[in-house]
1. Six or more apart or on different chains, Cβ atoms under 7 Å: show the pairs whose first residue is in the range 36-57 and assigned to a helix (DSSP H, G or I) and whose second is of a type in the set (Phe, Trp, Tyr).
2. Testing ALA148 on (1) within 11 Å of the chain's Cα centre (by Cα); (2) within 16 Å of GLY218 (Cα to Cα), one condition comes back false. Which one is that?
3. Test ILE253 against the stated conditions and say whether it is under 30 Å from SER97 (Cα atoms), buried (at least 17 other Cβ atoms within 10 Å of the Cβ) and of a type in the set (A, V, I, L, M).
4. Are any of the residues in the range 121-133 touching a helix residue (DSSP H, G or I) at 6+ places or on another chain (Cβ under 8 Å) and open to solvent by 50 Å² or more (accessible area, probe 1.4 Å)?
5. Has the range 75-84 got at least one residue that is among the acidic types (Asp, Glu) and modelled with pLDDT of 90 or more?
6. In the range 205-216, which residues are over 13 Å from VAL183 (Cβ atoms) and either open to solvent by 30 Å² or more (accessible area, probe 1.4 Å) or in contact with a Gly (Cβ under 6 Å, 6 or more places away or on another chain) (or both)?
7. Could you say whether any residue in the range 237-248 is acidic (Asp, Glu) and either in contact with a Leu (Cβ under 9 Å, 6 or more places away or on another chain) or open to solvent by 40 Å² or more (accessible area, probe 1.4 Å) (or both)?
8. I need a count of the residues in the range 36-61 that are buried (at least 17 other Cβ atoms within 10 Å of the Cβ) and more than 19 Å from PRO81 (Cβ to Cβ).
Amino acid sequence: MAIDVVVNQRHLQIQLKQLETVWHTVINGYNLSQAATVLHTSQSSLSKHIAALENQLKTEVFVRQGKRLTGLTTMGTALMPHIESIFAEIRTIENLSLDFNNPNVGTLTIATTHTQARYVLPEVVKAFKERFPKVNLILQQADPETIAQMVIRGQADIGIATESLLHNNYLRCYRYYDWTHRVIVPSDHELAGLESIDLPTLASYPIVTYHGGFTGRGAIDKTFSDAGLEPDIVLAALDADVISTYVGLGLGIGIIAEMAFEPSHYQNLTAIPVDHFGRFTSWMAVRDDAEIRQYGRAFMELCQKQFSQ
């Protein structure tokens, strides 16, 4: 009887490893090399797990093009919701255990953009560390699409960004705050002191703003395009500090996120409100299939309180 239990446990462990391999292969875009890196194992080991599972199921789980995996078969598609459910429960149980035994100890990884990390999160991080001094807090900076993928793959517990997070079935999103853009110019610029600027006037000046895919740049481009205007983008950067520096040097007028303008740091610049490019919402996202640690939820609560006061 004892031997049967050991054999059954061993069989279960093998199957869980096989199912985990399938899950990580899918969320890593069918890239076995990338999935192996996430799982800290070899690509050949993952291939063996997949082959063993397909042998047990007596059918293929993945569609193949040569040696490359390109998608899920009908069986694989039917299997995925059950795999997601299994590992959601496992992660939830693990987090419950950790919260019960060491509620204030652990690691919290936040994936976010430079704008959020530099201009929005400092007060939240300060309050969080005062409350949870034994939690190792990691801020990973990336572009919005990468942030979404980091949360999906388990490389980050919480993602914070404006773009990309809402358009993913694997993520559960929470509203953080709303924001718009500002035009920044040198204090002695001819536009300084204006309460608003129309689009044709904006388009008539050289512009320094964000790189494509960051901080509403897509909306800026679309707004000008819809108006039949072709702005002269003389410099694109990822960082509002860089934009502000070059505006101060007279390279052009700047378009940045409102929370990124720091008059105390750039006393030679002034900001002008603009609403042409729309209103944006920054979101916090977690994996939709499992709960994060208690201190992770506390971090999100601190974020939401930041703009509700």
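The values are calculated or read from the model by the stated rules, or taken from the named source; none is laboratory data. What you are looking at is a predicted structure, and each value in this text was computed from that prediction instead of being measured. As a convention, Cβ positions derive from the backbone with ideal geometry for all residues, glycine included, and neighbour counts pool all protein chains shown. Remember, those area values only see protein heavy atoms, side chains included, never the ligands or the DNA or RNA. Shrake-Rupley method; radii C 1.70, N 1.55, O 1.52, S 1.80 Å.
1. What qualifies is ILE50/PHE62.
2. (2)
3. no
4. Scanning the range 121-133, I find at least one residue that is touching a helix residue (DSSP H, G or I) at 6+ places or on another chain (Cβ under 8 Å) and open to solvent by 50 Å² or more (accessible area, probe 1.4 Å), so the answer is yes.
5. No, the conditions are met nowhere in the range 75-84.
6. Passing the criteria: HIS211, GLY212, GLY213, PHE214.
7. Start the filter on the range 237-248 by keeping residues that are acidic (Asp, Glu), which leaves 239, 241.
Next, only the ones that are either in contact with a Leu (Cβ under 9 Å, 6 or more places away or on another chain) or open to solvent by 40 Å² or more (accessible area, probe 1.4 Å) (or both) stay: none.
Looking through the range 237-248, none of the residues is acidic (Asp, Glu) and either in contact with a Leu (Cβ under 9 Å, 6 or more places away or on another chain) or open to solvent by 40 Å² or more (accessible area, probe 1.4 Å) (or both).
8. Final tally of qualifying residues: 4.
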